[in-house]
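In what follows, a single structure is set out as structure tokens and then discussed.
The values are calculated or read from the model by the stated rules, or taken from the named source; none is laboratory data. Bear in mind that the values here come from a model prediction, so they are computed numbers and not experimental data. Counting neighbours? That spans all protein chains shown, and the Cβs are built from the backbone with ideal geometry, glycine included. These accessible areas exclude ligands, DNA and RNA; they are computed on the full protein's heavy atoms, side chains included. Shrake-Rupley method; radii C 1.70, N 1.55, O 1.52, S 1.80 Å.
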Amino acid sequence: MNTHLTMIDLRRKKGTHIPNLCRLGAKFGGFLFLAASLAACSGLPFPAFDLTPTYKPPEYVVPDSWEGTSDFVKANPSDDAIRPDWWTLYDDPILNKLVEQGLAANPDLHAAAERFVQARDAMMKARARYFPQVGFEYGGSNNRQSDHSLFRAPGEPDSDTQHIMSGIASWEPDFWSKLRNVAQSRIYRAEERAADYGLARLILQAEIASNYFALRGLDAQIAIYTRSIILYRYTVDVVVTQFEGKIASNLDVARAQSLLFATESELSLMQSDRKVVEQAIAILLNLAPASFRIEPVDTLLTTNFSLPQTIPSTLLERRPDIAAMERRMAQANRGIGIARAAFFPDVSFRVGGGLENSGLNLLSLANSFWAYGSSFSIPIFQGGYRRAQLQQSWSAYRETENAYRSTVLNAFREVENNLTKTYWMAKAAERQDATVGAARITQDLTMDLYKGALASSLELIYAQIGTLTASVKSVQIKTGVLVASVDLIRSLGGGWNRDQLPEDKEIQPFSVLQYWDLDKPSPVGGIDVNADPADRNSKNNNLTKPLVQHEDHSDGNKNNKLPAPPFPEPFFP
């Protein structure tokens, strides 16, 4: 494009004189005005050819229902979603408090939110290339040459002062949608980060709940070991009494003491395991382990709720990891369009100019200078570089298709696994309770027989070990049922839905001409960050105090009381 020629033609047609100052304004100021106009009208359409293939996510043929079933899932399939605050189904105020504290203060969740903000800003950086790039420069200098300079002409001044004020603008029209595809892929990347945030949030909730149930399982086991130790000490006293009466042998005493000492050892290991789990929960809540404690209870939580049985086809819309992988596949599709655009010419326009003088009196047309032009370039031969790039982009897209299918299959596997685990573990828990009942009877009868010298100490010890083993196994199975129920909820999406993802138009963090409120973008998709350093430090840097404070509800919580032990208290004569 030759702007000077266009102006001459205009003058010839109109017969109108165009002053030099107007020439400068038309050549330089006009381009700046166009740049500002395009920047202000960010939604202004521009004719372009989109070389990206039509994108459509794969549609899979999936079963109409799940193979497995569970006591935690309703019998009839439905489209109902799991409630977002699914952990409240367990009716445990302490768990509710822990999850709320974790969501408010967990550093990994905060980092996931910041990654989403960064992805939004990366989209804005890519989108900025739509518009003309305009710059301004001012400079001044004072230079003096030596009087004995080798190449100094006679009479040439030995000093020089310069003041320069200039501007430059450039623009690359996006005829082949390369810039648009880059920006759109960044939008998809931000949406992927939003799904990653949903996944991090779900994982945090599930990890807190799983660790909490593991902790309560250890509490119940510790209570069983503690009561067993009391019983074993009583047994030692009985055996010693019989030994002193010449009824029992020293071997009987050693057997009883061995069982007592081994059980005390197991209790110590159990206390250690509980402390480790408690410390893991503290870290999830942004607390130093030394400042965090969960009071132990003697019984394990029992719960009874039913989740809506979602059909397999809805799982694709309710798992954040599937949504994130689908957005990654959309990004790879845009990469094909970017690779195709490399086969077509690049066109760019540029204009620059300014004022230069030895003094500060710059505002004179005689001091002006300018330059403008355009460029057109297209690679002719690159040894197969562009073709390899295009082939690579297609391969990358197919790779994401395979990864997407793998993610879907893994999601189905997790649901089926947890349905199976919760079903059969619940059955096992019922049978194990029966085992515990039979073991208690055996233990009590054997103790009576031993006191009457009708059973050996070995039989008594076997009966006591059997009761302890069965009781601990019962708690372990019930703990496994609770943890598996959490895994089942997580595998079903935990109440997350694809509708929670922000729309394409919501990704832009600020408008093109916005120069205020830039500490953070407006929250979208329920994702917000704390950009106030003072507030952030006061809330997050105290690792000894929970961010969310709660009243003590332990007196009214059925799960925090100390109910009757899982088996009768040991017999004392």
So, of the residues in region 353-384 that are aromatic (Phe, Trp, Tyr) and either closer than 30 Å to ASN143 by Cβ or surrounded by 11 or more Cβ atoms within 10 Å (Cβ to Cβ) (or both), which turns out to be farthest from the chain's Cα centre (by Cα)?
PHE369
Filter region 289-317 down to residues that are open to solvent by less than 30 Å² (accessible area, probe 1.4 Å) and either of a type in the set (Lys, Arg) or at pLDDT 90 or above (or both), then give me how many there are.
3
What is the number of the single condition among (1) under 30 Å from LEU199 (Cα atoms); (2) open to solvent by less than 60 Å² (accessible area, probe 1.4 Å); (3) free of Cβ contacts under 8 Å to residues at least 12 places away in the same chain that LEU409 does not meet?
(2)
What number goes with the only condition from (1) surrounded by fewer than 20 Cβ atoms within 10 Å (Cβ to Cβ); (2) in contact (Cβ under 8 Å) with a residue 40 or more places away in the chain; (3) more than 25 Å from LEU215 (Cβ to Cβ) that GLN464 does not pass?
(1)
Sole residue being polar (S, T, N, Q), under 30 Å from THR467 (Cβ atoms), modelled with pLDDT of 90 or more and surrounded by fewer than 20 Cβ atoms within 10 Å (Cβ to Cβ), chosen from THR226, THR235:
THR226
Tell me, which residue of region 258-282 that is touching a helix residue (DSSP H, G or I) at 6+ places or on another chain (Cβ under 7 Å) and of a type in the set (A, V, I, L, M, F, W, C) is surrounded by the most Cβ atoms within 10 Å (Cβ to Cβ)?
LEU259
Can you tell which of ARG334, ARG327, ARG293 is in a helix (DSSP H, G or I) and in contact with an Asp or Glu (Cβ under 9 Å, 6 or more places away or on another chain)?
ARG327
Look through SER474, SER456, SER491, SER485 and report the one residue that is buried (at least 17 other Cβ atoms within 10 Å of the Cβ), modelled with pLDDT under 90 and not β-branched (Val, Ile, Thr).
SER456
From the residues in region 243-257 that are in a helix (DSSP H, G or I), in contact (Cβ under 8 Å) with a residue 12 or more places away in the chain and not β-branched (Val, Ile, Thr), which one is surrounded by the most Cβ atoms within 10 Å (Cβ to Cβ)?
ALA256
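Every residue, every condition in (1) part of a helix (DSSP H, G or I); (2) out of contact with any Cys (no Cβ under 6 Å at 6 or more places or on another chain); (3) aliphatic (A, V, I, L, M); (4) modelled with pLDDT under 95, yes or no:
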position	(1), (2), (3), (4)
GLU67	no, yes, no, yes
ILE82	no, yes, yes, yes
VAL99	yes, yes, yes, no
ALA119	yes, yes, yes, no
ALA128	yes, yes, yes, yes
What are the pairs with Cβ atoms under 9 angstrom where one residue, in region 271-286, is on the phi < 0 side of the Ramachandran plot and in a helix (DSSP H, G or I) and the other, located anywhere, is open to solvent by less than 10 Å² (accessible area, probe 1.4 Å) and among the acidic types (Asp, Glu)? Sequence gap at least six, or different chains.
ARG274/ASP219
